[in-house]
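The values are calculated or read from the model by the stated rules, or taken from the named source; none is laboratory data. Keep in mind it's a predicted model, so treat the numbers as computed, not measured. All Cβ positions, even for glycine, are placed from backbone atoms using ideal geometry, and neighbour counts span all protein chains on display.
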Amino acid sequence: MIPEPLMRYLVWPTVKFLVAFVIVQVVVAAMTYIERRVLAFMQARLGPNRVGPWGLFQAIADPVKLMLKEDIVPANAEKVGYFLGPMLPLIPAFVVFCLIPFGPPPTFVVTHVNVGLLLILALTSTGVYGIILGGWASNNKFSLMGGLRSAAQMVSYEVPFGLSIVGVLMLTGSFDLVRIVRYQESHAWNVLPQLVGCFIFLVAMTAENNRAPFDLPEAESELVAGFHTEYSGMKFAFYFLAEYAAMLVNSCLMVSLFFGGWSLGGVIMGRQVGLTTVNLQHLGLLGGVIGATIFLVKVMLFMVAYIWFRGTFPRFRFDQFMDLGLKWMIPLSLVNIVVTGILILAGAGTRYPAMGEVVLTLFGIVVIAAVILFLMKGPKPKARPAGVAHARRVSEV
Amino acid sequence: MHVEYPKYKWTDRFLLLDMLEGLKTTFRELFKPKVTIRYPEERLEPADRFRGMFRFSFDRCIACKLCAVACPIDIIYIDVHDETREIDGKNKKIKVLDRYDIDVKRCMFCSLCEEACPTKPKSIWLTTKTYELATHDRSDLYFNMQQLEYWDDRPRYEELGAAFEEPSGHELPGGAD
């Protein structure tokens, strides 16, 4: 038999990582289909529907096409950099999945690191090197500009990205994602007391992934396709994969930090209600699977939110974009830290130690209720003007 | 030109209400019926006055050649010979069509031939609601008399029955043959 330490430190982590790796691949493949379909639905068209039932096999057809495509390297490209460009963002994007708790530990966490959040922040920020390198090595001015924009974007949004998490860290008192999720199970989802932090995180994570409306490095109308103009075939597919894997990482972080991780429920009258770790423990492995499923569903909701933003917002101009990051997001996140700190400390010595958190939570609930009320009011949506959409459809002859 | 720009309130800068409104719009759009259709499986029915493929009626045609005269690009080819026939007990000299060809590939579907046709109902009409005319060979688009009258292999819309056989709106009361 394999000795116990080897099992514990090598075999099981490898198996778990491979499972996580496969899940990531499947999610990325599914996302190519979901993105095109949802975006099309938002634009009053049908999207891919030719390949297989409801066009589902499009998710397979796209990678197959990319694999069979000729790999063209520009004549004056820097060969090594051109080759390394697509590889570099892929590595951190996949390594990070070792640190994310997909379900209750220890089974559903590949490696339980007590400073996991720091490691994730450090790793994800290295993804931009591949984009800069690829943009520079393509020997194309538009690609280089795409790479430079990506670098500027990273510098200005890494700061609010990190600062928005600090509020959560102050509440939970830990860098450990598992403990952060446990904290949310025993209190409330962090989105309520840390609504401002959650909003900044949402904006910063969209910007970090170069997704619309912050897709300046690959702005089609300005830079043709930015850093991946010269890439085709599998090299392009790697960039694509890295982008979606990074999106997945950030969605996982969002869910773990602000939306209760693998749990669905919270504390009412001092008792844990719903599907939380304590309640799932009695089910053994099945409970873990339920937790992981809840986690994945939440993550997919945020992946769809990315598409939602892409379908809604026009791209920022570059100066507006830097303006938003440096003049609004960073001060806002600093104010959030200060206010959160003051409120937590205000309750510390008194008879109600949780007073600050209650105030923050009430603020979050009020804001969310106001937003929902704002969205509920307003005129009824008008029906689409009668025309082509209402022409009689004739079935197959 | 003087352009009125919308006035921004100071709250618009950071409350992002417009952005929420936009998100609401796209979310609602998700569940609305779509404008595009899955073409080969679903087809849109053309409007009543849509000009599609020609349809010709030999029985109604009086071989007056007015359509050929009206045609701006001269793609209607008509050959006629005179014949004496006994109709209603009298010998009458009538024209008989030998050839009625239309070079559809050059046609611009202006429908002037239909306008020029003196018979009621028209003996040449375009309101057949058939628009799938693509072929693999140019020569397939040269239609002779029989093909113009019987192109049943062309895609047609069973549900449209009457409109397919008769041009709608062309029949006058008591004006049939």
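Looking only at residues in the range A:306-323 that are assigned to a helix (DSSP H, G or I) and without any contact (Cβ under 8 Å) to a residue 40 or more places away in the chain, which one is farthest from the other protein chains (Cβ to nearest Cβ)?
A:D319
Identify all residues within the range A:30-50 that are at pLDDT below 85 and either among the small types (G, A, S) or closer than 13 Å to A:F240 by Cα (or both); write none if there are none.
A:A44, A:G47
Determine which single condition A:V19 fails, assuming it passes every other condition in (1) in a helix (DSSP H, G or I); (2) of a type in the set (A, V, I, L, M); (3) touching a Ser or Thr at 6+ places or on another chain (Cβ under 6 Å); (4) loosely packed, with under 15 Cβ neighbours inside 10 Å.
(3)
Filter the helices (runs of 4 or more DSSP H) completely within the range A:176-281 down to those with at least 1 residues that are modelled with pLDDT of 80 or more and under 27 Å from A:A77 (Cα atoms).
The qualifying helices (runs of 4 or more DSSP H) are A:195-208, A:233-258.
Quick one: count up the residues across the range B:20-57 that are away from chain A (no Cβ under 11 Å) and loosely packed, with under 13 Cβ neighbours inside 10 Å.
Result for the range B:20-57: 2.
Could you check A:A75 against (1) part of a loop (DSSP other than H, G, I, E, B); (2) touching a helix residue (DSSP H, G or I) at 6+ places or on another chain (Cβ under 8 Å) and say which number it fails?
(2)
One line per residue, one yes/no per condition, for (1) crowded, with 24+ Cβ neighbours inside 10 Å; (2) touching a Phe, Trp or Tyr at 6+ places or on another chain (Cβ under 7 Å); (3) in the same structural domain as A:P86 (by TED's automatic domain parsing); (4) not β-branched (V, I, T):
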site	(1), (2), (3), (4)
A:P101	yes, yes, yes, yes
A:N114	no, yes, yes, yes
A:S125	no, no, yes, yes
A:G135	yes, yes, yes, yes
A:V159	no, no, yes, no
A:D176	no, no, yes, yes
A:A188	no, no, yes, yes
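So is A:V80 in contact (Cβ under 8 Å) with a residue 12 or more places away in the chain and out of contact with any helix residue (DSSP H, G or I) (no Cβ under 8 Å at 6 or more places or on another chain) or not?
For A:V80, the condition - in contact (Cβ under 8 Å) with a residue 12 or more places away in the chain and out of contact with any helix residue (DSSP H, G or I) (no Cβ under 8 Å at 6 or more places or on another chain) - is not met.
For residues that are more than 14 Å from chain B (Cβ to nearest Cβ) and either touching an Asp or Glu at 6+ places or on another chain (Cβ under 9 Å) or not in a helix (DSSP H, G or I) (or both), scanning just the range A:46-68, find the one that is nearest to B:L30 (Cα to Cα).
Once the filter is applied, the top-ranked residue is A:L56.
Every residue, every condition in (1) without any contact (Cβ under 8 Å) to a residue 60 or more places away in the chain; (2) over 20 Å from A:V155 (Cα atoms); (3) in contact with a strand residue (DSSP E or B) (Cβ under 9 Å, 6 or more places away or on another chain), yes or no:
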residue: A:L56; (1), (2), (3): yes, yes, no
residue: A:D71; (1), (2), (3): no, yes, no
residue: A:A75; (1), (2), (3): yes, yes, no
residue: A:L88; (1), (2), (3): yes, no, no
residue: A:L99; (1), (2), (3): no, yes, no
residue: A:P104; (1), (2), (3): no, yes, no
residue: A:I120; (1), (2), (3): no, no, no
residue: A:G135; (1), (2), (3): no, no, no
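I'm trying to understand the selection: among the residues of the range A:106-118, which are without any contact (Cβ under 8 Å) to a residue 60 or more places away in the chain and of a type in the set (A, V, I, L, M, F, W, C)?
Scanning the range A:106-118 gives a single hit, A:L118.
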